Amino acid sequence: MIVGKKIYLKALENSDIDFMLSLVNDQELAYWEGRNEFLVSKENQQKWFDKYKNTGHRFIVCDKETKTPLGYFSFKFTDEISNSGLVAIKLVSESRGKKIGTDTLKTGMSFLFNKINVRRLHTHIISYNKASENLFLKCHWTKEGTERESIYMNNLYHDNNLFSILKNEYLENEEDDDYLELFKYS
């Protein structure tokens, strides 16, 4: 278990399939992610689950006090030689606006940079998702570029923005020692 201030990240387990299915089929989340997928059956979610649950680092985000699942955090290497990878966060709507995303991202970054020794993280955010853009910018990520009009959603084409952060930028800019010290043991 990886413990932040408000949340903890627990490894994805078979008992989480119903929660993951609810996230995948949440049409509001799909909109904010720019996903045009059809609803997923439990059988297809089980196939995905069986194939991917042990690849990369996949976690359920849980409330520290209530132990309630709040979302999903994942990391997968996109280039192991260059030591870089993709981060994704999905949070249920009830947990948004409560600094859960900030705690999740900062806890995940601490784990990836300090424990796994990743050098570069990146993510993609659809242009109209200003809340996600603000979250990543607040955590010192840099907007690197734009895939212009690459996502079709609601009868319009939208830009897909690439954000990244390097380990040295994280170490220079993270103001909260609690996150910097998460994986330092005496």
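The values are calculated or read from the model by the stated rules, or taken from the named source; none is laboratory data. Since this is a predicted model, take the numbers as computed values, not measurements. Heads up, the Cβs are rebuilt from the backbone with ideal geometry, glycines too, and the neighbour counts pull from every protein chain shown. Protein only, heavy atoms only, side chains kept; ligands, DNA and RNA dropped before computing areas. Shrake-Rupley method; radii C 1.70, N 1.55, O 1.52, S 1.80 Å.
Could you please let me know if Asp26 is open to solvent by 90 Å² or more (accessible area, probe 1.4 Å) and more than 19 Å from Asp103 (Cβ to Cβ)? It is false that Asp26 is open to solvent by 90 Å² or more (accessible area, probe 1.4 Å) and more than 19 Å from Asp103 (Cβ to Cβ). Does Val87 meet the test of being β-branched (Val, Ile, Thr) and in contact with a helix residue (DSSP H, G or I) (Cβ under 6 Å, 6 or more places away or on another chain)? No.
The residues of the stretch 9-20 that are more than 18 Å from Val40 (Cα to Cα) and surrounded by 19 or more Cβ atoms within 10 Å (Cβ to Cβ), listed by number, are Leu9, Leu12.
Return yes or no: is Leu121 within 13 Å of the chain's Cα centre (by Cα) and on the phi < 0 side of the Ramachandran plot? In short, yes. The residues of the stretch 64-116 that are basic (Lys, Arg) and either within 10 Å of the chain's Cα centre (by Cα) or not in a strand (DSSP E or B) (or both), listed by number, are Lys64, Lys67, Lys90, Arg96, Lys98, Lys99, Lys106, Lys115. Exactly one residue among Leu121, Leu112, Leu86 is at pLDDT 95 or above, open to solvent by 30 Å² or more (accessible area, probe 1.4 Å) and under 22 Å from Lys167 (Cβ atoms), and that residue is Leu86.
Each residue in the stretch 1-24 was checked for being assigned to a loop (DSSP other than H, G, I, E, B), modelled with pLDDT under 90, more than 15 Å from the chain's Cα centre (by Cα) and not acidic (Asp, Glu), and 1 of them qualify.
All of (1) surrounded by 16 or more Cβ atoms within 10 Å (Cβ to Cβ); (2) in contact with a strand residue (DSSP E or B) (Cβ under 7 Å, 6 or more places away or on another chain); (3) closer than 25 Å to Ile2 by Cβ; (4) of a type outside the set (S, T, N, Q) hold for Ile126 with one exception: (3). Which residue pairs have Cβ atoms under 6 Å apart, sit 6 or more places apart or on different chains, and have a first residue in the stretch 36-56 that is more than 13 Å from Leu23 (Cα to Cα) and modelled with pLDDT under 80 and a second that is open to solvent by 90 Å² or more (accessible area, probe 1.4 Å) and of a type in the set (Phe, Trp, Tyr)? So the pair list comes out empty. For Val61, the criteria (1) open to solvent by 60 Å² or more (accessible area, probe 1.4 Å); (2) touching a residue at least 12 places away in the same chain (Cβ under 8 Å); (3) of a type in the set (Val, Ile, Thr); (4) more than 21 Å from Ser164 (Cβ to Cβ) hold in every case but one, which is (1).
Considering only residues in the stretch 151-182 that are among the hydroxyl-bearing types (Ser, Thr, Tyr) and at pLDDT 95 or above, the one that is farthest from Ser84 (Cα to Cα) turns out to be Tyr157.
Checking the stated criteria, Lys99 turns out to be in contact (Cβ under 8 Å) with a residue 24 or more places away in the chain, open to solvent by 80 Å² or more (accessible area, probe 1.4 Å) and either in contact with a Phe, Trp or Tyr (Cβ under 8 Å, 6 or more places away or on another chain) or within 20 Å of Leu182 (Cα to Cα) (or both).
Could you please let me know if Gly145 is open to solvent by 20 Å² or more (accessible area, probe 1.4 Å) and at pLDDT below 95? No.
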